[in-house]
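Participant: Sharing a structure with you now.
Derivation of every value follows stated rules applied to the coordinates shown; laboratory data play no part. As the structure is a prediction and not an experimental result, all values here were calculated from the model. Methodologically, a virtual Cβ is constructed for each residue, glycine included, from the backbone with ideal geometry; neighbour enumeration extends over all protein chains shown.
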Amino acid sequence: MQSLQDLDTSLRGLGSRLFVLRGEPGEVLTKVWETWDVKMMTWEEDTEPDAVIRDEAVKEMAERKGVTVETFCSHTLYRPEDIVAKNKGTAPLTLVKFQSVIAMMEKPSKPLDAPQSLEEASRLSVSELSDTKDDIPTLKEVNVVESELHESKFPGGETEALKRFNEKLSTENAAWVRTFEKPLTSPNSLEPSTTVLSPYLKFGCVSPRMMYWRLVKLYTGAKHSQPPVSLHGQLLWREFYYCAAASTPNFSRMEDNPVCRQIPWDKDEDKLAAWTEARTGFPYIDAIMTQLRRDGWIHHLARHSVACFLTRGDLWQSWEKGQEVFEELLLDADWSLNAGNWMWLSASAFFHQYWKCYSPVAFGKKTDPSGEYIRKYLPHLAKFPDKFIYQPWEAPLAVQKAAGCVIGQDYPRPIVDHAIVSKENMGRMKVACAAGKVAAPKKNKLENYFKKEPKAKKRKIDE
DNA sequence: TTCGAGTTGAATGT
DNA sequence: ACATTCAACTCGAA
């Protein structure tokens, strides 16, 4: 909503405005095509399945009514279908392969400057500018109670986006940009250790092209980090998931999704609720889930930590459930990236080394040994000594009482024994992988499959 | 068919 | 601070 307001303000500065039309696209558009005497309509291409269907229908209808349609790829650096075509009809499933494909393509085009003025004919009349019928929706209209909202740490809109963009990717900050390596940034610093440009990229407040070319400018003539860990690499990951999502049916679910491993996840409402509501009893996990709900943003590695915990690591709940929670709470929630990353973390697709598991106790200690992050987001644990802040249930009762927080009363006991369940779950992953090999051979032709499976692979399952 | 590599693990050693 | 082990996946190139 803030993004819409900011856009509307910018347009009004040029003598135009934003009209937010409410209703069924077919009905609403037919009406305005007539009243506004529309000759041509353009929009940004959208690869999400519902959008593809919607846009196809609008396009067909427009052309029937004699309205010319022209669409553009601007949300991503590359058009997903162009990449798929270049890769002989399939989406690359590794980033290395993805990079080799785009290396054969033209570089992303440079962004155009925003217009400084509009032609006289494009400006609106006073009555059109002051009519409130098609104004931006209010919070009330979308059933949000303003007093229930937390502080807006990352306000929407192009103005905010450019402010952040120019701060993080400034010449003064070039050394940081050039040495940026994502795995070395901290998931649990008190202030974000990354750019937090993702919400702005998601809503189109800043363009990936702008970011791409700004990085080129800052990289040129100096030594700098490389994909996949560099900032440039972060943009490529976004492209990678957009490409996979655009060309894979049922990308946001396990069933009938050809890239997704079929895993018999449990359905435990209590475990899911404990994770969602930040009461797993693991302070590192609960602090992250608290930050997610309060701020609408958490670091990428924090997402890894809680996603692994919910799925293959500890709770053995479906990644689709986690995806729903992220979709609701993340400011940067993006359909393609959300699904892709949940599959990655649950070792359902893209990533397969399921025996590499994040510890809900050990991982956070590496970057925040004294637990400042936990103390910030879970203040009732704040008085625990460093030694116990990540595993307060191990503190002697006297220490718990001194900290003013008795485990089991004031803060939950750990929902699982990580050492035990993570090992059990690795065994379940092993079974799911073996089952997948027999049930769903991906690339082998059927004849090859029948020839080789019985002897070589079946024996492995028996073991 | 084989083999090397894969954005970001943990525990235990030196 | 760095190396090894753990137990061993899939993708894609050769």
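Participant: What FRET efficiency, computed as 1/(1 + (r/R0)^6) with R0 = 22 Å and r the Cβ-Cβ distance, is obtained for residue A:397 and residue A:420, rounded to the nearest 0.05?
Facilitator: 0.40
Participant: Would you mind checking the range A:230-262 for residues with the amide N under 16 Å from a putative spin-label position 7 Å along Cα→C-beta of residue A:324?
Facilitator: Label zone hits: A:252-255.
Participant: Additional query: At 222 nm, what helix-only mean residue ellipticity would chain A give, in deg cm²/dmol to the nearest 500, using -39500 (n - 2.57) for each DSSP H run of four or more?
Facilitator: Details: 22 runs with 212 residues, N = 463.
For chain A, the value works out to -13500 deg cm²/dmol.
Participant: In nanometres, what is the gap between the two model label sites at residue A:380 and residue A:148, each 7 Å from Cα along Cα-to-Cβ?
Facilitator: For the pair residue A:380/residue A:148, the computed spacing is 2.2 nm.
Participant: Let me ask you something else. Could you list the trypsin sites (Lys or Arg not before Pro) in the range A:2-81 that lie in coil according to DSSP, counting only those with at most 10 other Cβ atoms within 10 Å of their Cβ?
Facilitator: Sites meeting the loop and neighbour criteria: A:22, A:39.
Participant: Would you please give the FRET efficiency between residue A:82 and residue A:50, computed as 1/(1 + (r/R0)^6) with r the Cβ-Cβ distance and R0 = 22 Å, to the nearest 0.05?
Facilitator: Once the sixth-power term is evaluated, E becomes 0.50.
Participant: Within the range A:1-26, find all residues whose amide N lies under 12 Å from a label point positioned 7 Å from the Cα of residue A:123 along Cα-to-beta-carbon.
Facilitator: Counting only backbone N, you get A:13-16.
Participant: I'd like to know which of A:49, A:15, A:28 lies farthest towards the positive end of the charge dipole of the range A:1-72, counting +1 on Cβ of Lys and Arg and -1 on Cβ of Asp and Glu.
Facilitator: Looking along the dipole axis, the top candidate is A:15.
Participant: So if each residue of separation counts as 0.36 nm, and I subtract the Cα-Cα distance between residue A:220 and residue A:175, what length gain in nm does that give?
Facilitator: Stretched fully, the residue A:220-residue A:175 segment lengthens by 15.0 nm.
Participant: Note down the magnitude of the dipole of chain A about its Cα centre, charges +1 on Lys and Arg C-beta and -1 on Asp and Glu C-beta and zero elsewhere, to the nearest 20 debye. Working shown, then result.
Facilitator: On the way: 63 positive and 64 negative charges, 565 e Å.
In total the dipole reaches around 2720 debye.
Participant: For all pairs of alpha-carbon atoms in the range A:344-417, what percent lies in each bin of width 10 Å, listed from the first bin to the last filled one?
Facilitator: Calculated over all Cα pairs of the range A:344-417, the distribution is 18, 42, 24, 14, 2 percent.
Participant: Further, regarding this structure: More than 21 angstrom separation, counting every C-alpha pair in the range A:269-457; what % is that?
Facilitator: When every Cα pair of the range A:269-457 is considered, 55 percent fall beyond 21 Å.
Participant: OK, next. Looking at the calculated P(r) for the range A:95-222, what percent of the C-alpha pair distances fall above 25 Å?
Facilitator: Value for the range A:95-222 (Cα pairs over 25 Å): 49 percent.
Participant: At residue A:262 and residue A:294, where each label point lies 7 Å from the Cα along Cα→Cβ, what is the point-to-point distance in nanometres?
Facilitator: 4.3
Participant: OK, next. Beta carbons within 10 angstrom, averaged per residue: use that to sort the peptides A:150-158, A:118-126, A:221-229, highest first.
Facilitator: Highest to lowest by the protection proxy: A:150-158, A:221-229, A:118-126.
Participant: Additional query: Give the residue list of trypsin sites (Lys or Arg not before Pro) in the range A:238-322 that are DSSP loop and have at most 13 other beta-carbon atoms within 10 angstrom.
Facilitator: Taking the range A:238-322 and a limit of 13 other Cβ atoms within 10 Å, the loop trypsin sites (Lys or Arg not before Pro) found are A:267.
Participant: Next question. What is the sum of charges, Lys and Arg at +1 and Asp and Glu at -1, for the other residues whose Cβ falls under 10 Å from the Cβ of residue A:189? Walk me through the numbers on the way to the answer.
Facilitator: Values: positive: none; negative: A:191, A:368, A:372.
That sum, taken over residues with Cβ under 10 Å, equals -3.
Participant: Continuing with the same structure: I want the local charge near residue A:345. Using Cβ-Cβ distances under 9 Å, sum +1 for each Lys or Arg and -1 for each Asp or Glu among the other residues.
Facilitator: Working: positive: A:303, A:312; negative: none.
With Lys, Arg at +1 and Asp, Glu at -1, the neighbours total +2.
Participant: Measuring from label point to label point, each 7 Å out along Cα→Cβ, what is the residue A:437 to residue A:21 span in nm?
Facilitator: It is 5.6 nm.
Participant: Report the local net charge at residue A:173: Lys and Arg +1, Asp and Glu -1, summed over other residues whose C-beta lies under 12 Å from its C-beta.
Facilitator: Result for the local shell: +2.
Participant: Something else now. Extent of chain A along each principal axis, from alpha carbon coordinates, in Å, largest to smallest?
Facilitator: That works out to 75, 66, 51 Å along the principal axes.
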